[in-house]
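Asker: Here you go, one structure.
Throughout, read-outs are computed from the coordinates displayed, never taken from laboratory work. Small disclaimer: the values here were computed from a predicted structure and weren't measured. Quick reminder, even Gly has a Cβ in these numbers, built from the backbone with ideal geometry, and neighbours come from all protein chains shown.
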Amino acid sequence: METRVAGCACDNDQFDGQSPSYKRALIAVIAINAVMFFVEMSAGFLGGSQALKADALDFAGDTATYALSLAVIGAALHTRATAALIKGASLALMAVFVLITTIASAFGDVSPAAPVMSGVGLLALGANVASIFILLRWRDGDSNVRSVWLCSRNDAIGNIAVIAAGGAVWLTGSFWPDLIVAALLASLFAKSSYSIIAQAMKERRASLNFADGRI
């Protein structure tokens with residue numbers, strides 16, 4: 001277990017995940033995300049929806065990064081911050097990938113299946129709302145813990161957007177609402193990536209300063 005030092009600015013008394021109940025909650029959320037990745041990606045291909053595929057990729061990314069979060073619980077602050085940096089970088093890469101595939105899809109002319117978009121989006125929203133309530137007690141903490149909360153919140157926002165896009169596709173018969181939502185999800189990934197990386201870098205600098213005896 002990491003030793004806490006009074007007055008150490010590298011720690012800031014932030015919750016670092018060392019709680020049996022938090023670990024159980026994280027395992028439950030990992031399972032939910034893994035199942036929803038397969039469900040939503042399959043629906044994305046069957047329904048021809050970029051928004052569903054983008055949201056499914058978010059589920060996949062969350063499954064991997066939450067597992068990383070679980071693995072580094074109890075490690076030194078520098079290690080936990082490094083794990084958060086990896087998660088932030090993966091979100092940035094995901095944002096770029098979704099944006100590129102969305103731009104490519106804009107040159108097509110096939111509208112996605114609106115009922116599939118909204119129906120699966122509603123199912124995914126239920127899964128993410130469940131995850132949010134499971135993690136609600138631990139929405140604040142170090143960059144490793146906070147990144148889990150931010151990703152779960154992003155997922156719920158994304159699901160609401162997918163459901164709305166499905167309704168817009170049904171009303172207009174156009175594929176543009178689907179592509180717009182996919183692009184917005186990419187921007188949300190990028191914003192969260194910046195937030196996670198900024199906090200993780202701050203924690204890494206603080207831990208290095210403490211190791212060097214400067215604080």
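Asker: If you add up the charges near Ile180, with Lys and Arg at +1 and Asp and Glu at -1, over every other residue whose beta carbon is less than 15 angstrom from its beta carbon, what do you get?
Answerer: Result for the local shell: -1.
Asker: Just going by the charge dipole of the chain, with Lys and Arg at +1 and Asp and Glu at -1 on Cβ, which of Ala31, Ala168, Ala81 is farthest out on the positive end?
Answerer: Ala81
Asker: Let me ask another. Return the lysines within reach of Lys202: Cα separation strictly under 29 angstrom, same-chain partners fewer than 8 residues apart disregarded; answer none if there are no such residues.
Answerer: Lys23, Lys87, Lys191
Asker: Hey, another quick one. Within a 10 angstrom radius of the beta carbon, how do Asp62, Asp55 rank from fewest other beta carbons to most?
Answerer: Asp62, Asp55
Asker: From the C-alpha gyration tensor of the stretch 20-211, pull out the three semi-axes of the equivalent ellipsoid (sqrt of 5λ each), sorted largest to smallest, in whole Å.
Answerer: Value: 32, 17, 11 Å, ordered largest first.
Asker: Radius of gyration and Dmax for the stretch 152-194's Cα atoms, expressed in Å?
Answerer: Here Rg and the maximum Cα pair distance are 11.0, 35 Å.
Asker: On to the next question. To the nearest 20 debye, what is the magnitude of the charge dipole of the chain about its Cα centre, counting +1 on the Cβ of each Lys and Arg and -1 on the Cβ of each Asp and Glu?
Answerer: The calculation lands at about 420 debye.
Asker: Right, here's the next one. Once Lys and Arg get +1 and Asp and Glu get -1 on their Cβ, which of Ile157, Ala64, Val98 lies farthest toward the positive end of the dipole of the chain?
Answerer: Ala64
Asker: Add +1 for every Lys or Arg and -1 for every Asp or Glu among the other residues with Cβ under 13 Å from the Cβ of Ala124, and state the total.
Answerer: Its environment carries a net charge of -4.
Asker: What is the extension gain from Ile27 to Asp140, computed as 0.36 nm multiplied by their sequence separation minus the C-alpha to C-alpha distance, in nm to one decimal?
Answerer: The Ile27-Asp140 span can extend by a further 38.9 nm.
Asker: Shifting gears a bit: Return the single residue from Thr172, Thr63, Thr102 with maximal mean-square fluctuation; model: Gaussian network over the chain, springs between Cα atoms under 10 Å.
Answerer: Sorting by GNM fluctuation, first place goes to Thr172.
Asker: By how many nm would the segment from Trp170 to Arg205 lengthen if fully extended, with 0.36 nm per residue of separation less the alpha-carbon distance?
Answerer: 7.6 nm
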